[in-house]
Structures are given as C-alpha cells and as structure tokens.
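The values are calculated or read from the model by the stated rules, or taken from the named source; none is laboratory data. Predicted model, so just to flag it, every value in this text is computed and none were measured. Cβ coordinates were reconstructed from backbone atoms using ideal geometry, including for glycine residues, and neighbour counts include every protein chain displayed. For accessibility, only protein heavy atoms count, side chains too; no ligands or nucleic acids. Shrake-Rupley method; radii C 1.70, N 1.55, O 1.52, S 1.80 Å.
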Amino acid sequence: SLKEKLETFVHPYVMRQIDTEITEFKSSRTIALLFVEAALHYEAGAERLFDYMIVVDADEHVRMDRVMVRDSTTLPEIMQRMQAQMPPGEKMAKADFIIRNNDDLASLKTRRKLIFTLLHAMALGAHN
C-alpha cells in the first residue's frame with residue numbers, strides 16, 4: 001500500500017533523527033530527562049531507543065470525540081486511522097508507565113507531574 005511505502009522511508013528517517021537527539025542529549029547531560037512524543041513509537045520500533053515508555057490513553061469514545069473536535073474530521077476517518085495503529089491494549093501492555101486521560105486537563109497535568117517527578121528522581125539517582 002501507499003501508506004506502507006511511505007512508512008519505509010519516513011520511519012527510518014525519524015528513527016535516525018530521534019537517535020541523533022538521544023546521542024546529543026547523553027553527551028551533553030545538561031538536563032536530567034529527555035521526552036520524545038510520537039503516536040507511532042511502537043509501530044516504528046522506536047521503543048528500543050528509550051529507557052522507559054509512557055503511554056497516554058483514554059477510552060475510545062473520549063479519543064474519538066477529541067480527535068473530531070481537534071481535527072474537524074469524520075468518524076469514519078478516525079476509525080480508519082485508529083485501525084492502522086497498534087491497539088491501545090497492546091501499547092499499554094508494553095508500556096512502563098500508563099497515564100489515563102479520560103478527565104480534564106488539570107487531572108492530566110497531575111498525573112503527568114507524578115510520572116515526571118518519579119522519572120526525575122530515578123534519573124538523578126542513576127547519576128549519583
């Protein structure tokens with residue numbers, strides 16, 4: 001398919017870019033943590049580049065509602081996009097941390113801060 005052909009070019013390029021960023025980060029050590037956000041980390045095989053994987057997930061109906069508002073798209077388009085991705089349950093089974101995102105932004109920020117605090121403490125402990 002056209003999508004698969006595109007991915008054979010895009011994924012390796014993106015992986016090289018991420019790998020370069022990680023290498024630069026590790027050599028500089030000016031910050032304790034590096035976060036890389038992408039929807040298709042697992043699909044691209046990128047999880048091998050990271051110490052930890054965080055999956056942010058919401059119930060399917062919440063995800064669909066948010067995407068329809070954000071992208072002004074239709075339900076069939078969203079379903080097609082979701083079917084091309086790894087199922088959320090599979091991603092969560094592989095994740096080191098899961099952030100549930102069914103609630104408001106304040107709740108998400110609280111959960112994100114907890115994970116950040118934990119990872120930051122782990123990073124500092126690893127370098128002491």
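Structure summary
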quantity	calculated
Failed criterion for Tyr13 (all others in (1) in contact with a helix residue (DSSP H, G or I) (Cβ under 9 Å, 6 or more places away or on another chain); (2) open to solvent by 70 Å² or more (accessible area, probe 1.4 Å) hold)	(1)
Qualifying positions in the range 20-32 - among the β-branched types (Val, Ile, Thr) and surrounded by 13 or more Cβ atoms within 10 Å (Cβ to Cβ)	Ile22
Pair list, Cβ < 8 Å and 6+ apart or interchain, from the range 66-87 residues that are closer than 23 Å to Glu4 by Cβ to residues that are among the hydroxyl-bearing types (Ser, Thr, Tyr) and surrounded by 13 or more Cβ atoms within 10 Å (Cβ to Cβ)	Val67/Thr73; Met86/Tyr42
Test: residue in the range 2-11 that is at pLDDT below 85, touching a Leu at 6+ places or on another chain (Cβ under 9 Å) and farther than 25 Å from Arg111 by Cα	yes
Some residue of the range 5-13 being in contact with a Gly (Cβ under 9 Å, 6 or more places away or on another chain) and assigned to a helix (DSSP H, G or I)	yes
Members of the range 70-97 found to be more than 18 Å from Glu43 (Cβ to Cβ) and modelled with pLDDT of 95 or more, listed by number	Phe97
Selection count where residues are touching a residue at least 24 places away in the same chain (Cβ under 8 Å) and assigned to a helix (DSSP H, G or I), scope the range 16-32	3
